[in-house]
Each structure stands twice: as structure tokens, then as C-alpha cells.
Amino acid sequence: MCVICLSFVGVGHAQTTKPVRGNLTNHDLLKAVKEYNRRTLVEAYDKVGHHDPKWDPAARKFLEFMVVRLAESGANDVYRSDADVSIETALALCEPLSDSNCDDPLVLYCHSLILKDSGQTDQFKQLLSRALQKLLTSNYPPNRKWWATNRFVTEVLPKDAVPDAEITLALIDQFVETMNVPEESPIDRRVKLRQMSEGFEAMKQADRQTILSKMKAVGKTDPWVMAVLEGRHEIKAAWEARGHGWASTVSPEGWTEFRDRLGKARDLLVLAYNREPSYPEPASNMIPVCMGAGGELSEDIEDWFNRAIIAQVDYQEAWQGYVSALMPRWGGSHRQMYELGCRAMMTGRYDTNVPEFLLESLMWIIRDREGDYSFFTAPGLWDNIDRVFTGYLKRPGSDPIWIKSRRAAYAFRCQKFEEVARIADELKEALRPHTFAYLGLDTEDAVNISRAIAGDATQNMAMGYTSEINGDYLDARNAYRAAKSRLAADSPVRAIIERHDRVCALQQSLLEGHVAQIPLASADDLVAWRPDDVGWSCDKEGLTFALPGMGKAELRHRAGKLGAKKVHVEWYWSSANKVQPPAVAMVVQDIGGDDAITVALYPDQNAVRVRGKKWTVAKGKNVPDNGMSPDVWHSLDVTHEGDVITVEMDGVMVVDHHQNDWLASGNSALGLWAGLQPTGGIVKVRNLTVQKIEKAPK
């Protein structure tokens with residue numbers, strides 16, 4: 001069993017790092033975002049909107065609500081206000097607008113976003129299309145027009161469609177016009193950069209270059225913003241020239257352009273930093289430049305990281321960029337990644353999400369170790385994790401139930417079973433299951449194990465579970481049997497041990513290369529699965545996902561450290577959901593976070609896509625016309641070996657994809673997923689078999 005060759009003892013090493021004295025925090029930026037939103041939503045409506053006494057009060061109230069909802073969307077709890085921005089409140093605010101037939105395009109656009117967030121996909125697309133027609137000819141701010149147009153291109157047009165020249169030109173002109181609007185306060189530069197940059201970087205290289213050329217020609221864009229955007233463009237173009245494959249796959253011309261582009265990016269970002277060293281963006285963007293060509297450019301990555309967090313202590317892009325740079329594949333180590341997390345903890349800035357970065361650094365390590373949590377028992381690690389949770393519990397306005405639930409989940413991974421049992425007894429039904437699911441755990445299972453170890457089963461039970469999570473299934477079975485032999489015949493712990501013994505037997509069979517049938521017939525079989533959401537059940541026919549309305553049902557199987565594998569499954573969806581068929585997915589590799597490899601099936605499009613991390617890396621071809629028809633059982637066969645993945649549907653090869661480093665097979669779990677539309681539906685799964693592949697063919 002591979003372990004990290006270091007001791008996670010205390011945080012003494014963190015005390016010697018440079019002090020963090022950030023002047024700004026994300027609180028300041030969110031405040032500025034809300035002010036900017038208010039000017040471009042509420043005040044814009046007052047000045048140029050289509051008014052009518054029937055809807056004016058409701059429209060203003062709704063837009064004030066959207067000021068906060070848009071700003072706080074995706075924000076960490078530390079930064080959220082007390083405002084109620086729930087989807088239920090949003091839908092209630094939209095009702096009087098619909099009843100009064102409000103036709104103001106900005107209000108309609110914001111209403112469409114609420115429909116999207118509530119899962120009403122078709123209604124969202126219809127209302128967005130209607131709003132966009134009027135919005136483009138209105139006098140509303142260009143940033144709102146750009147967002148509406150961009151959403152239309154990315155979320156309404158078919159996924160494979162190429163936007164026509166008129167739409168592309170509109171996006172370019174709207175972006176340029178947004179950046180040319182004079183700022184009312186200096187921090188508006190950061191707000192516009194934050195709101196527009198992601199969309200800018202997602203555009204084609206030629207379109208980005210056109211935008212930059214037009215901005216230069218007009219000459220009204222703030223010089224700092226201009227330099228940062230140009231720098232980001234050069235970084236993106238550098239990687240487009242190099243490609244994302246292994247170094248051996250890069251052509252000499254690709255390497256030359258890669259280095260030249262990063263050199264230009266360095267010059268632009270240094271210029272931006274010198275113009276405004278109190279803002280973190282240029283220094284943070286220098287981190288990927290240093291990763292790609294720091295030595296050749298004589299730039300030190302730690303210096304630029306320090307400059308970024310001195311400007312804004314909680315600038316997450318800098319922390320995430322630096323921990324990525326410290327990965328072993330870039331010449332760093334897991335120890336250095338952990339030390340960075342300790343440095344974040346040592347700031348003591350519990351008014352921000354900085355100390356929590358210790359937990360994030362651990363998740364980066366787990367993903368790099370292909371889902372292996374065994375180092376969580378290293379000396380000193382739990383003390384540091386506990387210190388973070390204790391700090392946030394003391395923060396005014398914190399959610400103690402959420403924090404304690406997370407603490408229990410991390411305590412279980414650190415094998416502090418008595419702490420898990422104590423928190424479970426304290427919170428009872430209030431214990432949050434998703435905090436355990438985030439760490440690959442089933443809540444009920446984790447609590448039962450903890451209570452068993454803290455109670456009658458003691459040492460043997462602890463040894464068995466430790467061996468199980470480390471993949472030593474024979475040792476685990478021996479320890480479980482020893483623990484069972486010491487229990488009374490009526491002890492409830494016996495049932496827990498028996499279930500885990502069956503899981504270990506299955507895991508061992510998989511590791512030995514046998515074709516293993518994954519049992520799906522009874523509730524007892526589900527101990528081998530981790531449910532992420534409700535809506536699933538077992539019977540003699542197999543596994544059923546059933547939800548009455550919008551939602552998803554998901555399971556992750558603890559299928560051992562398989563690496564390369566063959567998976568066969570049969571699936572079925574009911575015509576009870578004829579209008580909007582469900583999406584169904586087989587998660588071939590799941591090691592936490594976004595690092596999952598998924599074969600996704602879309603019956604409404606008769607399409608198959610393979611996703612690696614967040615990106616579609618392969619699209620199915622020659623999908624049988626009836627390959628996803630309802631009320632019929634279909635077969636799906638997936639082979640995943642190294643950087644090769646093949647998919648067969650009903651015996652027809654639809655994906656045969658090679659040479660993509662996002663597909664490298666690792667030691668990870670399987671998953672089943674069903675996403676159901678607002679009308680609900682039923683998806684069934686049966687005959688799930690898995691076989692480990694011992695050797696890759698030449």
C-alpha cells in the first residue's frame with residue numbers, strides 16, 4: 001500500500017512562512033459587485049426600462065433580489081449575507097410579473113435565469129430567446145446584453161451548433177462596449193474583469209484577438225484591464241499551441257509558440273502589476289506563466305503567489321493556482337501542498353475562507369492519489385483539521401450544524417470514531433448527509449461503524465475497517481470475523497460486520513480479475529454503494545431510480561482499486577416521461593470533485609458523450625436509431641484502460657477514443673447517475689458486471 005513518505009505533524013513548518021497581510025478581501029469585492037449589479041439592473045430599469053404601473057413595483061423588487069442573488073451565487077458561506085435568495089423566494093417574486101404580463105426585456109431575462117435554476121429548462125430557453133430579441137435593441141447596459149447573448153449561444157443553441165457570424169459579432173461588440181464604459185469607482189475594473197473574463201477566455205482565439213484589437217482601436221479601455229486581458233489571452237493561446245497532452249506529444253513549433261506566448265503574457269502581467277500592485281489578478285495570473293516557463297523567464301512562482309495574497313488574502317485563484325503548481329507532476333510534492341494548506345490555516349482569518357483551504361489542499365492530494373485517503377491517519381493531521389472547524393464555529397453567524405457535520409465526516413476519515421459517534425448522538429437527524437458524501441462516505445454506514453468501534457467491537461472492528469478502506473480485503477475479512485466472534489448473538493453490530501464482510505468478498509473477487517456481478521437485488525446489497533441523493537431502490541429486477549419531479553439520483557459503488565476495467569450494464573427508461581427523457585450516466589472513474597470520467601447518455605438527443613473532468617472529450621458516432629428508445633432494455637459496454645476508452649451500445653461501437661491524458665484510468669469507484677427533468681421519470685439498471693483488466697494489449 002502506497003503512503004505519503006512524510007509526517008503530517010503539527011504546523012511548525014507553517015510558522016516560518018512569510019506573513020499574510022492582505023489589504024482586501026472578497027467581502028470588499030462582493031460589495032462592489034452588488035453596487036455594480038444595482039447600477040446595471042435596478043437603476044438601468046428606472047432609466048430605460050419599459051414601465052407600467054401594473055408591474056413596476058414587482059419588477060423593482062425582483063431586480064433588487066437579483067442584485068444579491070447574482071452576486072452571491074456560488075459564494076462561500078463566509079461571504080453570504082442574511083438575505084433570502086432561495087429559489088423558492090425567486091419563483092414567488094416572478095409570479096406577479098407573469099400575472100401582469102411584464103414584457104420588459106431585462107426583467108424577462110432575469111426571470112429566465114430563475115426558470116433555469118429551478119430546472120424548467122424548456123421554459124428557460126423560450127423566455128431567454130424572447131427576452132434577447134428585445135434586449136438587443138434596447139438601451140440597457142452592454143454587459144447585460146452580452147450575458148444574455150452568451151447564454152443563448154451556450155445554453156439554447158444545440159451543443160454542436162456553430163453560432164452565425166451576426167451573433168459572434170454581437171458578442172464581440174457587446175464585450176468591447178462593456179469594457180469601454182467608464183468606471184464609477186476604481187474597483188469597478190475588477191468587477192468587470194470578474195464578470196466578463198471567463199466568457200472571454202472561452203471564446204475562440206481569433207475572436208479574442210478581434211476583441212483586443214477593437215478595444216485598442218477605440219482606446220477607452222482602462223490600461224490595467226487591457227493588460228490583464230491581453231495577458232490572459234496569451235496564456236490561453238500558449239496552451240492552445242502546446243496542447244494538453246504529454247510533453248512528448250508536443251511539436252517543436254508548438255513548444256516555440258508556447259514559450260513565446262508565455263513571454264508576452266509575462267510582460268503584460270508585470271505591466272499590469274506595476275500599474276496596480278494592490279489588486280491580485282496580475283500576480284495570480286503569473287502563477288501559470290511560472291509553471292510553464294518560470295525558469296526560462298527568471299520568475300519565481302512563490303514571489304508572485306505572495307504578491308497576490310498580500311493584495312487580497314482570500315484570492316482563491318492564487319491559492320488554487322499555487323497548490324496546483326506544487327503537485328508532484330510539476331516538480332512539487334504532497335508535503336508542499338499540505339504545507340500550503342497549513343499556511344492558509346495559520347492566517348487565522350476566519351472572517352474569510354482562507355483557513356478552509358487546508359481542507360481543499362487535502363482534497364487536491366486525495367485526487368492526485370486517485371482517491372486514497374489512507375494518509376488521513378498521519379500524526380497531527382486531525383489536530384489541524386479540528387483547528388479549522390473550531391475556528392469557524394467561533395465565527396459569528398456560522399452554521400454550527402453544517403460545520404459539526406463536516407467535522408464528523410473528516411473525523412471518520414481520520415479514524416476518530418469516538419468523535420463521529422459523539423457528534424452523531426448530538427445532532428441526531430440534523431446530521432447533514434452531503435458532508436459525508438463529499439468524502440465518499442455513506443452517512444448511516446459511517447455512523448454505525450463509529451458507534452460499533454466506540455462500543456462493543458473495539459479493536460478488531462477498527463482493524464477490519466482500516467484494512468477495508470486501504471484495499472486489504474483479506475485482512476479486513478479476517479479482522480471482521482474476529483470481531484464478530486466476540487459479540488453476543490443479539491448484538492446489532494453483527495449485521496454491520498456481515499454486510500462489510502460481503503463487500504470485502506466482492507472487492508477481493510474484483511481485484512483477482514474475476515467477472516463480478518454487482519448485486520442489486522436487495523437493500524442489504526446497497527451497503528456497497530454510497531448514495532449521493534434519494535430516489536433509488538432495489539428489487540429482484542435490479543436498481544430503480546424514481547423521482548416524482550425535477551432532481552437527480554446518484555450512487556457511487558466502492559468497487560475497489562480496479563484501475564483498468566470492463567463494465568457491462570443494462571438500462572431502461574420509462575415512457576412515462578415522454579416529453580423530457582432523463583439523462584443517464586455510468587461513472588467509469590470517480591476519485592472525487594470534478595475528476596470523474598463519465599459515459600453520459602442523452603435519449604432526447606440520441607447522443608453519447610464521454611466526459612473527463614469538466615470537458616467532453618469524445619462524442620459517440622453511429623449511435624443506433626433505437627439505441628435509446630423507451631420501455632426497452634439496452635446494453636452498455638465500457639472498456640477503460642489507460643488513456644483509451646471504448647463504448648458499445650446494444651453491441652454497436654459508438655466511442656473508440658485514444659490519447660487523452662484526462663482519461664488516464666486510476667484506482668477509483670464506479671457510479672450510476674440519473675438526472676430527471678421537471679416531469680419526473682423512472683430509470684432502471686440491471687446485470688451490472690465489472691472485470692479488472694490485468695495487462696494492456698500491445
### Unmet requirement for Gly680, which otherwise passes all of (1) at pLDDT below 75; (2) over 21 Å from the mean Cα position of the chain (by Cα); (3) open to solvent by 20 Å² or more (accessible area, probe 1.4 Å)
(3)
## Note on the structure
Flagged in the stretch 352-362 as closer than 22 Å to Met327 by Cβ, in a loop (DSSP other than H, G, I, E, B) and either in contact (Cβ under 8 Å) with a residue 40 or more places away in the chain or open to solvent by 10 Å² or more (accessible area, probe 1.4 Å) (or both), in numbering order, are Asn353, Val354, Glu356
### Summary
Residues of the stretch 83-122 being touching a residue at least 60 places away in the same chain (Cβ under 8 Å) and either surrounded by fewer than 15 Cβ atoms within 10 Å (Cβ to Cβ) or in a helix (DSSP H, G or I) (or both), in sequence order, are Leu106, Val107, Cys110, Thr121, Asp122
### Query
Based on what the data block shows, is Ser405 of a type in the set (Gly, Ala, Ser) and modelled with pLDDT of 90 or more?
yes
### Query
Taking interchain pairs and intrachain pairs at least six residues apart, which have beta carbon atoms under 6 angstrom, with the first residue in the stretch 299-325 and in contact (Cβ under 8 Å) with a residue 12 or more places away in the chain and farther than 18 Å from Ser361 by Cα and the second surrounded by fewer than 21 Cβ atoms within 10 Å (Cβ to Cβ) and of a type in the set (A, V, I, L, M)?
Gln312/Leu24
### Message
Looking only at the stretch 617-641, how many residues end up being open to solvent by less than 20 Å² (accessible area, probe 1.4 Å) and not in a loop (DSSP other than H, G, I, E, B)?
### Response
5
### Task
Determine the pairs where a residue that is assigned to a loop (DSSP other than H, G, I, E, B), located within the stretch 374-387, has a partner that is modelled with pLDDT under 95 and open to solvent by 20 Å² or more (accessible area, probe 1.4 Å) with Cβ atoms under 6 Å apart, the partner being 6 or more residues away or on another chain.
Pro379/Ser7; Pro379/Val9; Gly380/Val9; Gly380/Gly10
### Query
Among the helices (runs of 4 or more DSSP H) confined wholly to the stretch 25-72, which include 1 or more residues that are in contact (Cβ under 8 Å) with a residue 60 or more places away in the chain?
26-40, 42-48
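Quick grid of which residues meet (1) at pLDDT below 80; (2) open to solvent by 40 Å² or more (accessible area, probe 1.4 Å):
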position: Ala479; (1), (2): no, no
position: Ala482; (1), (2): no, no
position: Ala489; (1), (2): no, yes
position: Arg494; (1), (2): no, yes
position: Ala528; (1), (2): yes, no
### Query
If we keep just the residues of the stretch 139-172 that are outside any helix (DSSP H, G or I) and within 15 Å of Cys110 (Cα to Cα), which is most open to solvent (accessible area, probe 1.4 Å)?
Pro141
### Task
Identify, from the list Ala241, Ala217, Ala206, the residue that is surrounded by 14 or more Cβ atoms within 10 Å (Cβ to Cβ) and part of a helix (DSSP H, G or I).
Ala241
### Task
Could you list all residues from the stretch 478-514 that are farther than 28 Å from Gln691 by Cα, assigned to a helix (DSSP H, G or I) and either within 32 Å of the chain's Cα centre (by Cα) or charged (D, E, K, R) (or both)?
Lys484, Arg494
### When residues of the stretch 363-403 are limited to those that are aliphatic (A, V, I, L, M) and over 25 Å from Ala430 (Cβ atoms), the one surrounded by the fewest Cβ atoms within 10 Å (Cβ to Cβ)
Ala378
### Query
Which residues, taken from the stretch 269-296, are part of a helix (DSSP H, G or I) and open to solvent by 20 Å² or more (accessible area, probe 1.4 Å)?
Val270, Leu271, Tyr273, Asn274, Arg275, Asn285, Pro288, Met291, Gly292, Gly295, Glu296
### Query
Which of the residues spanning the stretch 440-477 are assigned to a loop (DSSP other than H, G, I, E, B), surrounded by fewer than 20 Cβ atoms within 10 Å (Cβ to Cβ) and either at pLDDT 80 or above or under 30 Å from the mean Cα position of the chain (by Cα) (or both)?
Asn470, Gly471, Asp472
### Query
Restricting attention to the stretch 299-311, does a residue exist that is under 21 Å from Leu269 (Cβ atoms), outside any helix (DSSP H, G or I) and open to solvent by 20 Å² or more (accessible area, probe 1.4 Å)?
yes
### Query
Taking Asp188 and the conditions (1) within 21 Å of Ser112 (Cα to Cα); (2) open to solvent by less than 30 Å² (accessible area, probe 1.4 Å), which numbered condition does it fall short on, given that it satisfies the others?
(1)
### Task
Provide a single number: the residues in the stretch 412-432 that are open to solvent by 30 Å² or more (accessible area, probe 1.4 Å), farther than 19 Å from Tyr465 by Cα and part of a loop (DSSP other than H, G, I, E, B).
1
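The values are calculated or read from the model by the stated rules, or taken from the named source; none is laboratory data. All of these numbers come straight from a predicted model, not from anything done at the bench. As a convention, Cβ positions derive from the backbone with ideal geometry for all residues, glycine included, and neighbour counts pool all protein chains shown. Keep in mind that these areas ignore ligands, DNA and RNA; they rest on the heavy atoms of the full protein, side chains included. Shrake-Rupley method; radii C 1.70, N 1.55, O 1.52, S 1.80 Å.
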